[in-house]
Every structure is written in C-alpha cells, then in structure tokens.
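The values are calculated or read from the model by the stated rules, or taken from the named source; none is laboratory data. Computed from a predicted model, the values in this text were never measured in an experiment. Please note: Cβ atoms are built from the backbone with ideal geometry, for glycine as well, and neighbour counts cover all protein chains shown. SASA here: full protein model, heavy atoms, side chains in, ligands and nucleic acids out. Shrake-Rupley method; radii C 1.70, N 1.55, O 1.52, S 1.80 Å.
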Amino acid sequence: GLLAIVLVGVFVEYSLPTGTGSNIVLGLVLSVACVGMWILRMAVLDKRFTLRPAPTNRPLLAFMATVAVSWFWSRAFRDPLVVEAGHPLVSVAAAVVMIMLPACYLLAANTISSLRWLVALVWTLLGAGLVVVLVDLGAWFGVQPASVLLRAIRANRLVTLNAHGLLSMWCLSFALALALINRRLSKIARGLLLLYAGVWAYWGYVARVTWLSGWVPAFTAAAVVAFCRSKKLFVALMIVIVVGVGRPYVTTHLEAEMEESGETRWQAYVVNWRVTGKHILFGTGPAGYASYYMSYFPHEAMATHSNYLDIISQTGIVGSAFFLWFLGAQAWGGYRIRCVLQDQGDMAESLTVAVLAATGGCAVALGLGDWLLPFAYTQTIMGFDLAVLNWIFLGAIWGLRRHVNFPSTESGPRFLTKGVS
C-alpha cells in the first residue's frame with residue numbers, strides 16, 4: 001500500500017469529482033483505504049489499538065485531535081458576519097487532509113517492520129525521481145522526444161510527472177546519503193548515485209532557480225548529509241553553495257523573485273494576522289481564514305504560502321504547539337538513532353541520515369509554502385499527492401527501530417520506549 005501511494009503520488013493524475021472546485025486524488029483514496037485496513041487489523045486481530053514506541057506519537061495524535069476540535073470550535077465561535085467562502089464541504093475535506101497526512105506517517109512508522117520494505121520504498125522513489133528529472137530536464141533543454149512526451153503527459157488527465165512539492169529534496173537526500181554513508185555499496189553504484197544527486201541539484205539550481213521551494217529545502221538536506229559525513233565536506237559544500245548563489249545568473253533571478261514575491265508574502269502575513277490575532281486559541285478551523293478574507297476584505301485576500309502561519313491560523317496556538325513539538329521530536333529522535341548507528345556505514349545508517357537531513361529540509365520548506373499541509377484554496381485537495389511523500393518517509397525512520405541495538409537498557413532509552421496504546 002505504501003509503495004502504491006508513493007507511485008500514485010508521482011505518476012497518477014486521476015481524481016474523483018466532488019462537485020466543488022477540487023477533486024479527490026487517488027492517493028488520498030488509497031491512503032484512507034490503507035489506514036482503514038490497518039485500524040481494522042488492530043481492532044479485529046490484535047484486539048487492541050497500540051502504536052510502536054516513538055517520541056512523535058503523542059504530539060502527532062494531539063495535533064490530529066486539535067484539527068478536529070478546531071473545526072467544531074471555529075463554527076461555534078465564528079463571527080456572525082462571516083459567510084462560507086466556498087462549498088461547505090471544503091472545510092471538511094481540508095480537515096480530512098490535515099488528519100490523513102499524519103495518519104500516513106503513523107501508518108509508515110507502525111507497519112514497516114522489515115528493512116527490505118524501507119529499502120524498496122527508497123529505491124522506488126529514486127527510480128520514479130529519475131524518470132521525472134530526465135523527462136523534465138530533457139524538455140527544458142529542448143530534446144524533442146522529451147518535449148513531445150511531456151506535452152502528451154500534460155494533455156492526459158490520467159498520467160502525470162509530479163516534480164512539484166519536495167520530491168527533489170527527498171531524491172537528493174537519499175542519493176547523497178547512500179553515496180556518502182553506505183560503504184557497502186560498490187564504488188560504481190556510489191558514483192552513479194552522486195551523479196544522480198548532481199542531476200537533481202542542477203535541476204533545482206539552474207532549471208528551476210526562481211522556485212525557492214524547489215532547491216532551498218533540497219540544499220538544506222544536502223548540507224545536513226554532508227555534515228553527518230564529514231565536517232570538512234560540509235564546509236566545502238557550503239563554500240560551493242555560497243559561491244554559486246553569488247553568481248550573476250543566480251542573483252539576477254533571486255532578486256527578481258524577491259521583488260515579485262518577497263513584499264507580497266509580507267503583506268499576506270500582515271493581512272492574515274488581522275484574522276488570526278482574534279482567533280488565537282484554536283484558530284479559524286481548516287481552510288477557515290479564507291471565509292474571513294472574503295467576508296471582510298476580499299480585495300486584500302492572499303494565501304500565506306507558509307505552513308507555519310497556516311497552522312496557527314487554522315488550529316491556533318494549541319495546534320501550532322503540538323506541531324512544533326512533533327517537529328522537534330522527529331529531529332531529536334532521528335538524531336539519537338543516527339548516533340547509535342554512527343560509523344556502521346550500512347543501509348540503515350544512510351537511510352537514517354537521509355531522513356534526518358530531510359527533516360531539516362522540511363522545517364525550511366514549511367516557511368516557503370504549504371508543502372506538508374496543503375491549503376484548501378491554493379493547492380486544493382489535490383495537493384495531498386505532493387505532501388504524502390513527506391509524511392511517509394518521515395515516518396519510515398521508525399521502521400528502523402527493530403534494527404537498532406540501544407546500549408542503555410534492554411528496550412532502549414526512555415524517549416524511544418514510551419508508546420501509546
């Protein structure tokens with residue numbers, strides 16, 4: 001199921017109509033089915049609901065509960081002059097998306113028990129990414145077969161090549177970590193992985209240089225991987241990045257991007273706070289601040305393009321606190337697992353480093369767009385396919401739990417053994 005969700009998210013555009021301006025993508029349908037079967041299995045076969053030990057369990061469950069509470073809270077305390085901005089089902093669908101994405105994280109964390117399945121997920125993603133980047137770059141260079149194929153795909157309502165979101169970050173992070181950390185791979189394989197990472201770096205740094213969300217999170221993850229491998233390599237990489245950013249080609253595009261969107265983003269933050277500041281406890285509910293925009297100042301309505309602001313606006317300080325707790329627990333837990341696996345030079349260590357690095361990239365991406373929790377009136381429900389990859393691979397790190405021998409006690413340190421049942 002997880003493999004199918006990954007492949008569907010990258011290659012399948014088919015969606016189910018809802019009667020609103022947003023369709024239900026196949027990835028969301030598969031996710032609901034897989035999570036439902038997992039819960040049914042616990043109810044019928046295991047006779048109990050339990051989660052594997054992980055420091056992220058409590059904050060993530062609390063955040064999911066807060067999303068549901070915020071939906072009801074926002075309707076109970078909605079300003080009387082506010083009119084629903086779109087179809088009434090939009091807010092319900094937004095709440096479902098905001099709950100199902102963390103549910104996919106828990107699904108990956110609790111169903112991956114074999115290192116082979118985690119490896120299969122990673123190589124599936126790298127293979128899918130190879131197809132995407134080669135076709136996209138081929139079309140960018142004007143290669144006729146790639147251009148024809150890309151036009152045919154865009155004209156098709158069933159197949160797609162989803163290069164948006166944080167696909168580049170995950171592909172770059174996994175490829176670099178496998179090449180630099182996993183000493184059990186052959187030199188040829190590690191060289192090819194370095195070449196693969198270089199292609200994605202070129203894709204973001206040159207072909208998509210104006211799209212900051214496409215390469216800044218990816219380069220953040222690459223820097224973390226380099227730091228885990230060698231401090232000297234990290235310094236060298238940072239010098240290359242700084243020198244590269246200072247090139248006229250890059251600075252020209254970045255200055256144009258800042259002039260176009262930098263001031264606009266700041267105005268969007270100011271406008272949003274006019275609503276969020278008055279609904280600070282549980283927010284305005286999933287997709288809720290759009291209704292306030294259209295009711296009070298429709299001509300100033302702008303999306304925030306920041307998950308940090310979206311989360312506090314939709315779920316208040318309560319939801320934001322739980323989400324930041326989850327993010328910190330994810331980073332700290334990944335770091336502790338990496339410390340135990342350090343210098344093993346195997347698949348487990350390289351995958352742990354990659355997910356730890358991508359966690360840093362996700363923290364940066366949260367400020368650049370709604371790539372982890374898509375907003376209903378920007379990416380719509382169809383943004384689920386872009387976001388679900390992040391949650392699956394962030395959760396997959398806990399699939400390594402059985403392959404880690406913690407030294408302090410038989411069952412491991414306290415921060416990893418506290419489960420939820």
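Side notes on the structure shown:
- Amide hydrogen proximity for Val159: with H placed 1.01 Å from N in the peptide plane, the residues at 5 or more positions away or on another chain lying under 5 Å are Glu13.
- For Ile24, nonlocal amide neighbours, meaning residues 5 or more places apart or on other chains whose placed amide H falls under 5 Å from its own, are Leu16, Thr18.
- Accessible-area order (highest first, 1.4 angstrom probe) of the listed residues Trp371, Trp203, Trp140, Trp266: Trp266, Trp140, Trp371, Trp203
- Estimated dipole of the chain in Debye, rounded to 20 [Cβ of Lys and Arg +1, of Asp and Glu -1, Cα centre]: 1380 debye
- Averaged over its residues, the chain has an accessible area of 45 Å² per residue, based on protein heavy atoms and a 1.4 Å probe.
- Pairwise Cα separations in segment 159-209 fall into 5 Å bins from 0 onward with the following percentages, short to long: 5, 21, 26, 21, 14, 9, 4, 0.
- Kyte-Doolittle at least 0.5, axis length at least 27 Å by Cα - qualifying DSSP helices, the chain: 57-76, 89-111, 115-140, 307-341
- P(r) weight above 18 Å for segment 1-148, C-alpha pairs, percent: 70 percent
- Each other residue within a Cβ distance under 13 Å of Leu7 adds +1 if Lys or Arg and -1 if Asp or Glu, for a net charge of -2.
- Amide H contacts of Gly283 (H built 1.01 Å from N, under 5 Å, at least 5 apart or other chain): Gly316, Ile317
- Share of carbon and sulfur in the accessible heavy-atom surface of the chain [1.4 Å probe, %]: 67 percent
- Under a Gaussian network description of the chain, with springs only between Cα atoms under 10 Å, the residue in Arg41, Arg401, Arg208 that fluctuates furthest is Arg41.
- Highest-first packing order for the peptide set 345-355, 2-12 is 345-355, 2-12, based on the mean count of other beta carbon atoms within 10 Å.
- Using the Stokes-Einstein relation with a Kirkwood hydrodynamic radius computed over Cα pairs, the translational diffusion coefficient of the chain at 4 °C and a viscosity of 1.567 mPa s comes to 58 µm²/s.
- When the Cα gyration tensor is reduced to axis lengths a ≥ b ≥ c, the ratio a/c is 1.5 or higher for segment 118-255, and with a/b not above b/c it is classed as oblate.
- Over segment 284-410, the fraction of Cα-Cα pairs per 5 Å bin, rounded to whole percents and listed from the shortest bin up, is 2, 10, 17, 19, 16, 12, 9, 7, 4, 3, 2, 1, 0.
- When peptides 228-237, 24-33 are ranked by their average number of other Cβ atoms within 10 Å per residue, the highest-first order is 24-33, 228-237.
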